[in-house]
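Q: Below is a structure I'd like to ask you about.
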Amino acid sequence: FRISMDSAFKRSRAAQKIGSSSTSVHKMIGEVVKTIVNARYISTLIKEFNDDLRGGLVVENLYALIGDKGTAKSIYCQETSVVAALDKIPSLYVNAEMSNVALLDRLYLRTFKESLIKVLQDKKANSPNGEISEHDVTVFIAEVEYKLHEVYQDYLNIVSEIDLDAKAISDIAKRT
């Protein structure tokens, strides 16, 4: 996080002009009104936050969540990404700490009210020899891909890479 903030600070400082200018409030109003009119929001999932932010998180803004370990920051961010995708707003969730198994299991559970891990464990336990054939695995993968695509289409995008700097995240967001 510190690296991202330092990088953002350096880029913004480099883009600043040597001189400064001022403007009157009435000259600023046109830009402000257009910004507000064109803004799209997604829910923070917390009414008081939505109220304070006048509608929720602004689409295309970057929000950093900082807090103690184990305070559900990743789960909260994943859920807001899912809610945005369900509202047909493209969402990019950068997964920097959860395993892909845990991430997909949590997404599957949230979407279909059952654990992907449990579904596969049950399939394995209920098979004649306690194993799932390669063919059955291939069919199951296709079914899961289809079901998730039906729900999220191409609105939910996930990056599961560690060691991304601010530029890499920005580039991914632009391409997505």
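The values are calculated or read from the model by the stated rules, or taken from the named source; none is laboratory data. This structure is a prediction, so every number in the text was calculated from the model and none was measured. Cβ atoms come from the backbone with ideal geometry, glycine included; neighbour counts cover every protein chain shown. Side chains included, ligands, DNA and RNA excluded: accessible areas come from the protein's heavy atoms. Shrake-Rupley method; radii C 1.70, N 1.55, O 1.52, S 1.80 Å.
Q: Restricting the search to the stretch 163-176, which residues are free of Cβ contacts under 8 Å to residues at least 24 places away in the same chain, open to solvent by 100 Å² or more (accessible area, probe 1.4 Å) and assigned to a helix (DSSP H, G or I)?
A: The answer is K174, R175.
Q: For a quick check of your reading of the model, give me the residue pairs whose first member lies in the stretch 37-64 and is within 11 Å of A84 (Cα to Cα), whose second is open to solvent by less than 80 Å² (accessible area, probe 1.4 Å) and among the acidic types (D, E), with beta-carbon atoms closer than 8 Å and at least 6 apart or on different chains.
A: Close Cβ pairs (under 8 Å, with a partner that is open to solvent by less than 80 Å² (accessible area, probe 1.4 Å) and among the acidic types (D, E)) amount to L45/E79.
Q: Now a separate question. Give me the residue from the stretch 51-66 that is among the small types (G, A, S) and at pLDDT 85 or above and, out of that set, least open to solvent (accessible area, probe 1.4 Å).
A: G56
Q: List the residue pairs whose Cβ atoms are under 9 Å apart, where the first residue sits in the stretch 128-154 and is in a helix (DSSP H, G or I), the second is loosely packed, with under 13 Cβ neighbours inside 10 Å, and the two are 6 or more positions apart or on different chains.
A: Cβ pairs passing all conditions: D136/S127.
Q: Which one is most open to solvent (accessible area, probe 1.4 Å), of the residues in the stretch 89-117 that are farther than 17 Å from H149 by Cβ, in a helix (DSSP H, G or I) and β-branched (V, I, T)?
A: The extreme case among them is V101.
Q: Given the criteria in contact with a helix residue (DSSP H, G or I) (Cβ under 9 Å, 6 or more places away or on another chain), open to solvent by less than 90 Å² (accessible area, probe 1.4 Å) and aromatic (F, W, Y), does Y76 qualify?
A: No; evaluated as a whole, the condition is false for this residue.
Q: Given the criterion modelled with pLDDT of 90 or more, touching a Phe, Trp or Tyr at 6+ places or on another chain (Cβ under 8 Å) and of a type in the set (D, E), identify the matching residue among E114, E131.
A: The conditions single out E114.
Q: Can you spot a residue in the stretch 140-162 that is of a type in the set (D, E), modelled with pLDDT under 85 and open to solvent by 50 Å² or more (accessible area, probe 1.4 Å)?
A: There is at least one residue in the stretch 140-162 that is of a type in the set (D, E), modelled with pLDDT under 85 and open to solvent by 50 Å² or more (accessible area, probe 1.4 Å).
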